[in-house]
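Notes for the one structure printed next.
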Amino acid sequence: MGKRIIQQRRGRGTSTYRVRKSSFRYRLCFPRVMEGEGEVVKLINSAAHTAPLAKVKYSGGVFYIPAAKGMFEGQKVEFEGKGSIRKLGEIPVKTKVYCIESRPGDGGKFVKSGGSYAIVNRIVGEKVFVLMPSKREKEFNPECRAVVGVIAGEGRLDKPIAKAGKKFYIKKAKSKLWPRTSAVKMNAIDHPFGSGRGKNPKSKIAKRNAPPGRKVGLLRPRRTGKRK
């Protein structure tokens, strides 16, 4: 008798596949209204994030952002003029930034992983174009705010993960699927790609309304057909 495939098992939401709530107790964003300056009161190691976090205290309370490279406890963080957190329209071209707002006031949505940064590429009229880590250019409102600098923790991928146990705990903190068994190595009854006949499955485009047991292969591809 076959068993539920991994998408179905994880979709039930049991404790086996649920993240540790304590890992996600920090919400990364800066407040809608900020004046003057703040102070980095603590640098925090969070299992749910790839970079150390900075706890910033200001007149209206505290907030958390990914720590910048070289940031230290007791450092002052200015919010206006030539400070660390400012509007994209006020940041000079070729400046490295991170934690960029998608729309003014949302607290920062883009570029938050360890060691990453974006570059203010050009300003055309009322639009600011930023070169993202993917090397693609994205258009932003000049009123969107960002943090100037590079996120700390860029060397995290340089050291190899020598033991399987270390990888296990890294993935477990975020409830990521690991180790991943190749679908073609399963039995035919356990997965749509199962059985070893040929071991060369053709690309399969899953229907958008397919149930979890059949939604495998290429999910919502940008394009189909042979590339000309």
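The figures follow:
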item	result
Where labels lie 7 Å past Cα in the beta-carbon direction, separation of residue 126 and residue 22 in nm	5.0 nm
Ranking of 171, 228, 55 by count of other Cβ atoms within 10 Å, fewest first	228, 171, 55
Options (i) 206; (ii) 136; (iii) 197 - which one matches volume of the Cα convex hull per residue in Å³ as calculated here	(iii)
Angle between the chain longest axis and helix 164-174 axis [Cα atoms, degrees, rounded to 10]	70 degrees
For 106, 158, 190, order by how many other beta-carbon atoms lie within 10 Å, fewest first	158, 106, 190
Computed lengthening from residue 220 to residue 189, 0.36 nm per intervening residue step minus Cα-Cα distance	8.7 nm
Contour minus Cα-Cα distance for residue 161 and residue 180 (0.36 nm per residue)	5.2 nm
Nearest-20 debye value, the range 19-156 charge dipole, Cβ charges on Lys, Arg, Asp, Glu	560 debye
Whole-Hz ³J(HN,Hα) from phi, Karplus 6.51 cos²θ - 1.76 cosθ + 1.60, for the range 209-219, glycine and proline x	9, 5, x, x, x, 10, 7, 10, x, 7, 9
Proximal aspartates and glutamates to residue 167, defined as alpha-carbon separation beneath 13 angstrom and excluding residues fewer than eight positions away on the same chain	none
Fraction of antiparallel bridges per DSSP, the chain only, in percent to nearest 5	95 percent
For the chain: relative contact order, % (alpha-carbon pairs under 8 angstrom, 6 or more apart)	18 percent
Label point 7 Å beyond Cα of residue 170 along Cβ direction - residues of the range 32-50 with amide nitrogen under 19 Å	45-50
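Rule-based calculations on the coordinates, nothing more; no lab input. Predicted model only: the values in this text are computed from it and were never measured. Cβ: placed from backbone, ideal geometry, glycine included. Neighbour counts: every protein chain shown.
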